[in-house]
Amino acid sequence: MCAYAVVFYSAMVQRSLRLARDYTGKLYGLRAGSIPGRLNDSSDAQWRNFRGNLPVLTIVMAAFLIVANGLRYGCSLKGRGASLVWLILSLIYLCYLHGACVGFILVIAGINYAIVKLFARYKYCTGIIWSFNLAMLTLNRVYEGYSFSLFGQQLAFLDNYRGTFRWHICFNFVVLRMISFGCDYCWTLSSSHFDHKEKGLSVDKYTFLTYLCYLTYAPLYIAGPVVSYNAFAAQLDVPQKNYSVGQICCYGLRWILNFLLIEVMTHFFHYNAFVVSRLWRQLTPFEIFIISYGVLIFMWLKFFLIWRYFRFWSLVGGVETPENMPRCINNCPDLESFWKSWHASFNKWLVRYVYIPLGGSRRKLLSIWVVFTFVAAWHDLEWKLISWAWLTCLCFVPEIVIKSFSNNFQVISEGYYWPLLQFICFLSSFSFSEPLAW
């Protein structure tokens with residue numbers, strides 16, 4: 001196996017270097033790089049924006065942590081005190097990002113809070129919460145974040161102060177948090193849905209202050225990782241203890257090493273630029289495979305770095321969140337393990353708030369269609385994303401059926417279906433590079 005890996009990756013590196021050299025003049029998105037004599041592949045907008053804003057973002061992170069941790073540990077703040085400090089700092093951060101549009105976020109958040117508190121004891125409270133949030137998700141996209149002039153010409157001047165980042169793009173994550181708060185509160189009142197491993201919060205922990213802090217918490221606001229309201233609120237009184245200071249430092253050091261790795265990758269292997277430049281017809285089938293595989297690796301590493309950056313920020317602030325990329329894409333032998341390891345915190349959120357309420361494994365073949373349709377709509381209201389979701393489900397069904405039979409007859413250990421599962425996973429992986437909407 002090791003010999004195969006050495007031969008395969010040696011051939012891939014050699015061919016990738018040759019392709020980058022031969023097609024340099026025809027590739028779009030190449031810019032002057034930080035490595036002398038090499039052009040950097042900046043064709044991916046998400047990575048280009050993150051990399052370009054990294055110095056400013058790091059300064060903001062340092063300022064936030066110095067003030068927040070200084071007050072929290074220096075004044076022994078817990079609960080409401082920590083919430084208030086985090087909320088004030090986070091709102092300053094949001095005002096820089098969205099300007100006057102922060103008002104839209106606060107108004108919608110306030111309405112959602114009122115709905116949760118008014119209908120929490122009713123049988124269909126979660127349905128009402130979901131309906132409101134899906135409506136907001138749709139309206140935000142249809143009206144492109146709204147114009148202040150829609151609410152009166154006297155407010156039109158505020159359209160000149162909309163900040164540096166479109167608020168309705170980030171609001172997708174806020175929608176997940178609003179649903180989480182509403183469902184957790186309803187389930188707490190009914191003492192249902194939580195398993196024995198989870199300690200429910202007392203009702204007095206579901207305050208408006210903590211709720212707003214949860215929605216706007218700066219380290220997780222732009223891209224997550226996603227964490228439930230109960231898990232977040234529980235760490236206000238007691239900061240996370242699973243990671244020591246030394247482990248967090250090692251976590252940050254590993255991030256730096258992986259950042260250097262993607263720098264080398266984008267300077268020497270221009271995989272994404274080939275996709276943007278649409279040069280498929282000029283390549284051989286083997287070269288197309290190399291570029292496709294390289295793009296998957298690049299996308300995995302890109303999201304790995306973006307999500308781990310914000311998770312590191314959150315860990316230093318005392319809040320532990322799920323790891324979004326717990327394993328490499330190459331270590332996922334089937335689709336189920338792939339989705340458990342790609343944007344894993346979102347996967348956990350979907351399991352908790354969509355999959356289990358729909359019936360879980362008892363209705364698996366039906367539930368996946370609802371889950372992936374929501375995932376597509378959550379990213380953006382486009383038919384190509386809906387098509388992507390349904391194609392994903394079509395590829396998922398054979399694996400579910402095969403695993404069901406294999407579990408019944410206990411033949412998976414003998415490897416009868418293993419080559420077929422790997423083949424399905426390979427064919428499907430090219431459509432499974434989940435788009436991140438921020």
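The values are calculated or read from the model by the stated rules, or taken from the named source; none is laboratory data. Nothing here was measured: the structure is a model prediction, and the numbers come from that model. Every residue, glycine among them, receives a Cβ derived from its backbone with ideal geometry; neighbour counts consider all protein chains shown. Note: areas computed on protein heavy atoms with side chains; ligands, DNA, RNA excluded. Shrake-Rupley method; radii C 1.70, N 1.55, O 1.52, S 1.80 Å.
Structure notes:
- Test for residue 3: is it within 21 Å of residue 301 (Cα to Cα) and either outside any helix (DSSP H, G or I) or out of contact with any Gly (no Cβ under 9 Å at 6 or more places or on another chain) (or both): no
- Criterion applied to 375, 351 was being surrounded by 18 or more Cβ atoms within 10 Å (Cβ to Cβ), without any contact (Cβ under 8 Å) to a residue 60 or more places away in the chain and of a type in the set (Val, Ile, Thr), and the one residue passing it is 375.
- Candidates 271, 243, filtered to the one that is outside the structural domain of residue 132 (by the TED database), more than 22 Å from residue 69 (Cα to Cα), open to solvent by 10 Å² or more (accessible area, probe 1.4 Å) and touching a residue at least 12 places away in the same chain (Cβ under 8 Å): 271
- Counted residues, the range 14-37 - those being in contact (Cβ under 8 Å) with a residue 12 or more places away in the chain and surrounded by 11 or more Cβ atoms within 10 Å (Cβ to Cβ): 14
- Here the range 150-182 is the region considered, the condition is being open to solvent by less than 10 Å² (accessible area, probe 1.4 Å) and of a type in the set (Phe, Trp, Tyr), and the residue that is farthest from the chain's Cα centre (by Cα) is 181.
- Only one of 308, 278 that is out of contact with any helix residue (DSSP H, G or I) (no Cβ under 8 Å at 6 or more places or on another chain), among the basic types (Lys, Arg) and either within 16 Å of residue 23 (Cβ to Cβ) or crowded, with 21+ Cβ neighbours inside 10 Å (or both): 278
- Within the range 139-162, residues that are assigned by the TED database to the domain that holds residue 101 sit with their Cβ atoms under 7 Å from residues that are open to solvent by 100 Å² or more (accessible area, probe 1.4 Å), at 6+ positions apart or across chains, in these pairs: 145/166.
- In summary, residue 188 fulfils each of the numbered conditions (1) in the same structural domain as residue 133 (by the TED database); (2) under 29 Å from residue 69 (Cβ atoms) with the single exception of condition (2).
- Which listed residue, of 129, 59, 66, 111, is loosely packed, with under 14 Cβ neighbours inside 10 Å, over 16 Å from residue 221 (Cβ atoms) and under 24 Å from the mean Cα position of the chain (by Cα): 59
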